[in-house]
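Asks: Got a structure here, written out as structure tokens. Questions coming.
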Amino acid sequence: MIRINLLPHREIKRAARRRQFNFLLVVALVAAAGVIGIGQAAIATRIADQEERNALLEMEIVKLDAKIKEIQKIKEETQALLERKQVVETLQSNRTEVVHLFDEMIRILPEGLYVKSIKQTGDELQLSGYAQSSARVSTLMRSLEESPWFEQPNLIEIKAVTVSNLRANEFALKVKQTKQQAEAGAKEGRS
């Protein structure tokens, strides 16, 4: 009888399968390493692209911040110019105010009444002086009330005094200037 020894044949096939398995294992490891490498390269590329975008955005933000500061500076300069313009317009409109004030005062002062001082605070005038009688002060207050340049005359004080051996009444009163006066002064200043 012929004896066939199959052991080496099986051993050879087993060794071939082991080599094939090891080869496939190495190929799978190389493929996995390649996929991982490609994935890391792709991720690194995307990170680099995003960092470039971030750097570009940061540069643009810096430029925009500089423009915002420039705009803020221009707004402040514009506001300062508008304030100066307002001051000039106010001065221009009030330029003739004193002339109108004194002109109207001369017209409405009754005879026998003498103004000692005029003090202006904003749109309020404080008049003080002497009158021959309290009726003349009353006439002055009525004239102030009727004048288009003044309103709300308010008597503060009236008292009898002797000035240079003459009896007189010393008075103090307040009166407000009307807004018509400022508008009329502005119209006359423009014409």
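Every number here is computed from the coordinates shown, using simple stated rules; none is lab data. Fair warning: this is a prediction, and the values are worked out from it, not measured in the lab. Methodologically, a virtual Cβ is constructed for each residue, glycine included, from the backbone with ideal geometry; neighbour enumeration extends over all protein chains shown.
Asks: Could you tell me the calculated FRET efficiency between ILE2 and ASN22, based on Cβ-Cβ distance and R0 = 35 angstrom, to the nearest 0.05? Intermediate results must be reported in sequence, preceding the final value.
Replies: Numbers: r = 35 Å, r/R0 = 1.00.
Working from the Cβ atoms, E equals 0.50.
Asks: Okay, moving on. For the chain, what's the relative contact order in percent, using C-alpha pairs closer than 8 Å and at least 6 residues apart?
Replies: On the way: 165 pairs, mean separation 32.4, N = 191.
Dividing the mean separation by the residue count of the chain yields 17 percent.
Asks: Then there's this: For the pair GLU51/LEU166, report the inter-label distance in nm, with labels modelled 7 Å from Cα in the Cβ direction.
Replies: 10.0
Asks: Compute the distance from the alpha-carbon center of segment 1-37 to that of segment 124-182, in whole Å.
Replies: Each part reduced to its Cα centre gives a spacing of 127 Å.
Asks: With loop defined by DSSP as not H, G, I, E or B, and exposure as at most 13 other Cβ atoms within 10 Å, which is the longest segment of the chain clear of exposed trypsin sites (Lys or Arg not before Pro)?
Replies: On the way: sites that count: ARG3, ARG95.
Longest stretch, sites excluded: 96-191.
Asks: Per residue of segment 140-145, in order, report the coupling 6.51 cos²θ - 1.76 cosθ + 1.60 (Karplus, θ = phi - 60°) as ³J(HN,Hα) in whole Hz, putting x for Gly and Pro.
Replies: Rounded to whole hertz, the list is 4, 5, 5, 5, 5, 5.
Asks: Shifting gears a bit: Put a dot 7 Å past each Cα toward the Cβ at ILE36 and ARG107; how far apart are the dots in nm?
Replies: The answer from the label model is 10.4 nm.
Asks: With a Förster radius of 22 Å, plug the Cβ-Cβ distance of SER134 and LYS176 into 1/(1 + (r/R0)^6) and report the FRET value to the nearest 0.05. Intermediate values should be presented prior to the final figure.
Replies: Details: r = 22 Å, r/R0 = 1.01.
Result of the calculation: an efficiency of 0.50.
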